[in-house]
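What follows is a short report on a single structure.
The values are calculated or read from the model by the stated rules, or taken from the named source; none is laboratory data. The structure displayed is predicted, hence computed values, not measured ones. Cβ placement follows ideal geometry from the backbone for every residue including glycine, while neighbour counts extend to all protein chains displayed.
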Ligand SMILES: NC(=O)c1ccc[n+]([C@@H]2O[C@H](COP(=O)([O-])OP(=O)(O)OC[C@H]3O[C@@H](n4cnc5c(N)ncnc54)[C@H](O)[C@@H]3O)[C@@H](O)[C@H]2O)c1
Ligand SMILES: [Zn+2]
């Protein structure tokens, strides 16, 4: 049986298009088929874990089209998403005599892609890159949109560049080796995409929730729809001038919970909690139906993204990180909230709402009691 291949085109305007190719069990072949005349060397950049698991087949496939293939692994983890790692990768490329006619291939989760894309953005003033995401979060979120960068001691993602990949290759088969906790991380963002822009996908998630809660289970259609939502938003707002703000749904409270727990709660699960709390605020702020709030809360719990223990942190511990957040306005913070499942609310020209900390505190406490 020939595996099916699907392609979503990201139209970035001015004739710029980025194909997002979706297929199952053929990531290496698809990456090779996207090779362009004029690219000489391939440099595969990703963390050691992913390159050990999936680097060789990709290198082998690219050897059929590239003059030389280099595998450049770096240590995994957020604390290695740094300028030092970028510099190390660049130095290895320079030492190997990698020139301008090169395509950087980012293979891995969001960290690998952010580093690979940023290397490509500045190497010899910019070379093309292809994103091959292997984590669920990477596939539905980090690979699309062209944001690349690294962390600094002053905060996450503070140094980087917009650099669109020449193509994104989404292969569900890579997910087979993904650890269980990383699935939950991705599910948080998948559910967010359904709430932000795809009511039908939300219903499909509800129908399949108990099956999908088993790590390793994923539907092609759900994966495609989750990617398509991100594509639709990025297409409208490549440089984060407005609409892209809707993707922050769940992230104001989510980021605060991550910080308050010393990052012991993973990003996707913290965003899950954030969505429960922020959408509860939406019931009074913009008429988000309470019945839909109950459905969102139930879906996140069934998928295992949220659990009662995640709500045990006292709200007071979230206040300081929230007030440090750049989305702060006086004693209020800005949140992107839904008016219905699949539709985000607007306030005038803005895609976010100012919410008083007292409102968020009441919502946190109600959500914690009923979790
Ligand atoms: N550029 C963007 O638009 C964007 C968007 C969202 C998130 N991000 C960034 O993405 C990062 C988070 O991404 P992530 O959650 O994918 O983290 P990650 O890259 O660290 O991957 C998570 C873990 O899973 C492992 N892994 C990945 N794929 C695997 C596979 N198929 N099999 C086995 N192990 C695998 C990795 O080695 C790592 O240990 C953050 O740094 C965040 O800032 C960027
Ligand atoms: Zn996120």
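Just a yes or no: is a residue in the stretch 323-342 crowded, with 19+ Cβ neighbours inside 10 Å, closer than 11 Å to residue 256 by Cβ and over 25 Å from the mean Cα position of the chain (by Cα)? No, every residue in the stretch 323-342 fails to be crowded, with 19+ Cβ neighbours inside 10 Å, closer than 11 Å to residue 256 by Cβ and over 25 Å from the mean Cα position of the chain (by Cα).
Selection of the stretch 202-224 for residues being free of Cβ contacts under 8 Å to residues at least 60 places away in the same chain and in a helix (DSSP H, G or I) yields 203, 204, 207, 208, 211, 221, 222. Just one residue in the set 139, 164 is under 15 Å from residue 112 (Cβ atoms) and either under 15 Å from the mean Cα position of the chain (by Cα) or surrounded by 15 or more Cβ atoms within 10 Å (Cβ to Cβ) (or both); that residue is 139. Being in contact (Cβ under 8 Å) with a residue 24 or more places away in the chain, more than 23 Å from residue 155 (Cβ to Cβ) and outside any strand (DSSP E or B) is true for just one of 71, 51. Which residue is that? Selected residue: 51, the only one of 71, 51 that is in contact (Cβ under 8 Å) with a residue 24 or more places away in the chain, more than 23 Å from residue 155 (Cβ to Cβ) and outside any strand (DSSP E or B).
One residue alone among 55, 97 is at pLDDT 95 or above and closer than 19 Å to residue 143 by Cα, and that residue is 55.
Give me the residue from the stretch 58-68 that is part of a helix (DSSP H, G or I) and farther than 15 Å from residue 130 by Cβ and, out of that set, farthest from the chain's Cα centre (by Cα).
63
Scanning the stretch 284-294 for residues that are buried (at least 17 other Cβ atoms within 10 Å of the Cβ) and under 18 Å from residue 271 (Cα atoms) turns up 292, 293.
Looking at the structure I just gave you, is residue 281 in contact with a strand residue (DSSP E or B) (Cβ under 6 Å, 6 or more places away or on another chain) and either surrounded by 21 or more Cβ atoms within 10 Å (Cβ to Cβ) or part of a loop (DSSP other than H, G, I, E, B) (or both)?
Working: in contact with a strand residue (DSSP E or B) (Cβ under 6 Å, 6 or more places away or on another chain): yes; either surrounded by 21 or more Cβ atoms within 10 Å (Cβ to Cβ) or part of a loop (DSSP other than H, G, I, E, B) (or both): yes.
Judged against the criteria, residue 281 is a match.
Residues in the stretch 112-138 that are in a helix (DSSP H, G or I) and within 13 Å of ligand 2 (Cβ to nearest atom) were compared, and the one that is nearest to residue 217 (Cα to Cα) is 136. Scan the stretch 130-151 and tell me whether some residue there is modelled with pLDDT of 95 or more and away from ligand 1 (no atom under 13 Å from the Cβ). So far as the stretch 130-151 goes, yes, one or more of its residues are modelled with pLDDT of 95 or more and away from ligand 1 (no atom under 13 Å from the Cβ). For the stretch 239-261, a residue qualifies if it is surrounded by fewer than 20 Cβ atoms within 10 Å (Cβ to Cβ), within 13 Å of ligand 1 (Cβ to nearest atom) and farther than 20 Å from residue 198 by Cα, and the qualifying residues are 239, 240. Out of curiosity, is residue 97 assigned to a loop (DSSP other than H, G, I, E, B), touching a helix residue (DSSP H, G or I) at 6+ places or on another chain (Cβ under 7 Å) and on the phi > 0 side of the Ramachandran plot? Answer is no for this residue. Restricting 191, 233, 227 to residues that are at pLDDT 95 or above, within 14 Å of ligand 2 (Cβ to nearest atom) and assigned to a helix (DSSP H, G or I) narrows the list to 191. Does residue 236 satisfy being over 17 Å from the mean Cα position of the chain (by Cα) and more than 26 Å from residue 368 (Cα to Cα)? Yes.
Residues in the stretch 139-148 that are within 12 Å of ligand 2 (Cβ to nearest atom) and in a helix (DSSP H, G or I): 140, 141, 142. Among the residues of the stretch 2-20, are any under 29 Å from residue 221 (Cα atoms), surrounded by fewer than 19 Cβ atoms within 10 Å (Cβ to Cβ), at pLDDT 95 or above and more than 24 Å from the chain's Cα centre (by Cα)? Checking the stretch 2-20: not a single residue is under 29 Å from residue 221 (Cα atoms), surrounded by fewer than 19 Cβ atoms within 10 Å (Cβ to Cβ), at pLDDT 95 or above and more than 24 Å from the chain's Cα centre (by Cα). Of the residues making up the stretch 335-351, those that are more than 18 Å from residue 276 (Cβ to Cβ) and touching a strand residue (DSSP E or B) at 6+ places or on another chain (Cβ under 6 Å) number 1. Of all residues in the stretch 76-121, those that are buried (at least 17 other Cβ atoms within 10 Å of the Cβ) and within 19 Å of residue 35 (Cβ to Cβ) total 13. In this entry, residue 174 is excluded by the filter for residues that are within 19 Å of residue 69 (Cβ to Cβ) and more than 7 Å from ligand 1 (Cβ to nearest atom).
Hey, can you tell me all the residues within the stretch 176-188 that are part of a helix (DSSP H, G or I) and more than 19 Å from residue 114 (Cβ to Cβ)?
176, 177, 180, 181, 183, 184, 187
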